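Notes follow the structure.
The values are calculated or read from the model by the stated rules, or taken from the named source; none is laboratory data. Predicted, not measured: the structure shown is a model, and the values here were computed from it. Neighbour counts are summed over all protein chains in view; Cβ atoms, including those assigned to glycine, are modelled from backbone coordinates with ideal geometry.
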Amino acid sequence: AQTVTQSQPEMSVQEAETVTLSCTYDTSESNYYLFWYKQPPSRQMILVIRQEAYKQQNATENRFSVNFQKAAKSFSLKISDSQLGDTAMYFCAFMKVSGSRLTFGEGTQLTVNP
Amino acid sequence: GAVVSQHPSWVICKSGTSVKIECRSLDFQATTMFWYRQFPKQSLMLMATSNEGSKATYEQGVEKDKFLINHASLTLSTLTVTSAHPEDSSFYICSAKNPGRSTDTQYFGPGTRLTVL
């Protein structure tokens, strides 16, 4: 079974600064997908970024980028130039290539302060 | 496209009654949809995987007779909470895969808040 761990229940950052959210996972699979989703106060789950494990290059989406360390089973999310709208619960998630179910971490509540 | 809607967005019902929640993929056909439950300040817990035209696959510990799932078309899945009790109060979220866009990414509905009195 896969597990996803987010060890930071809460984090805060000043507007315009950079913040990194941590995620580690455990799996015996060699190929899989990793995701970061955000859930703002509206509670709508929004895909932030995805990474395919067989790709060594770290995924980037505008101000969001990941540091994917496959050997260490680490998948951190870096948010640059933080904005007030980035305030949300962030979930790291894992999915096997051969499967369809997502395994979520416990979440990190990020607050961006003005 | 990858828009998923849910209806209703919130519902209050009396204990013992049944409540139906709809999940629709608005601009794509979804052969697979998922139902999650989320308690306040907690993560999403997968309840079941719904496949169009077949029986849903329930996660361990989820009562399939209490949480009835129907996926009768490629754009609609329903979750019916039967004989609801206060402990069923929660936030229910559905998601769907858009195979025409990505085989791995799930797109989520806005959720339904259920309160059982």
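At a glance:
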| read-out | value |
| --- | --- |
| Selected residue [in a loop (DSSP other than H, G, I, E, B) and touching a residue at least 60 places away in the same chain (Cβ under 8 Å)] from A:GLN8, A:GLN57 | A:GLN8 |
| Complete set of residues in the range B:65-108 that are among the β-branched types (Val, Ile, Thr) and crowded, with 21+ Cβ neighbours inside 10 Å | B:ILE69, B:VAL81, B:ILE93 |
| Candidate set from the range A:11-22 (those that are part of a strand (DSSP E or B) and β-branched (Val, Ile, Thr)); member that is farthest from the chain's Cα centre (by Cα) | A:VAL13 |
| Count of residues meeting criterion [within 22 Å of B:TYR107 (Cβ to Cβ), in a strand (DSSP E or B) and free of Cβ contacts under 8 Å to residues at least 12 places away in the same chain] in the range A:60-71 | 1 |
| Subset of the range B:26-46 that is in contact with a Lys or Arg (Cβ under 9 Å, 6 or more places away or on another chain) and away from every other protein chain (no Cβ under 11 Å) - its residue that is farthest from A:THR103 (Cα to Cα) | B:PHE28 |
| Pair list, Cβ < 8 Å and 6+ apart or interchain, from the range B:18-43 residues that are without any contact (Cβ under 8 Å) to a residue 60 or more places away in the chain to residues that are part of a loop (DSSP other than H, G, I, E, B) and of a type in the set (Asp, Glu) | B:GLN42/A:GLU106; B:SER43/A:GLU106 |
| Hits in the range B:2-54 (condition: closer than 16 Å to B:LEU76 by Cβ and either in contact with an Asp or Glu (Cβ under 6 Å, 6 or more places away or on another chain) or of a type in the set (D, E, K, R) (or both)) | B:VAL3, B:HIS7, B:LYS20, B:GLU22, B:ARG24, B:ASP27, B:THR31, B:GLU52 |
| Restricting the range B:78-103 to residues that are within 14 Å of chain A (Cβ to nearest Cβ) and small (Gly, Ala, Ser), the residue that is nearest to B:ILE12 (Cα to Cα) | B:SER90 |
| Single residue of B:GLY111, B:GLY61, B:GLY53 found to be on the phi > 0 side of the Ramachandran plot and surrounded by 15 or more Cβ atoms within 10 Å (Cβ to Cβ) | B:GLY111 |
| Tally, over the range B:44-102, of residues that are of a type in the set (D, E, K, R), within 27 Å of A:SER42 (Cβ to Cβ) and in contact with a Leu (Cβ under 7 Å, 6 or more places away or on another chain) | 2 |
| Among the residues listed as A:GLN14, A:GLN109, A:GLN83, the single one being in contact (Cβ under 8 Å) with a residue 12 or more places away in the chain, in contact with a Pro (Cβ under 9 Å, 6 or more places away or on another chain) and away from every other protein chain (no Cβ under 12 Å) | A:GLN14 |
| Condition met for A:SER28 (in a loop (DSSP other than H, G, I, E, B) and closer than 16 Å to A:LEU102 by Cα) | yes |
| Odd one out for A:SER98 among (1) modelled with pLDDT of 95 or more; (2) more than 13 Å from the chain's Cα centre (by Cα); (3) hydroxyl-bearing (Ser, Thr, Tyr) | (1) |
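Residue by residue, here is whether (1) in contact with a helix residue (DSSP H, G or I) (Cβ under 6 Å, 6 or more places away or on another chain); (2) modelled with pLDDT under 95; (3) within 11 Å of chain A (Cβ to nearest Cβ) holds:
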site: B:VAL19; (1), (2), (3): no, no, no
site: B:SER54; (1), (2), (3): no, yes, no
site: B:LYS64; (1), (2), (3): no, yes, no
site: B:SER73; (1), (2), (3): no, yes, no
site: B:THR105; (1), (2), (3): no, yes, yes
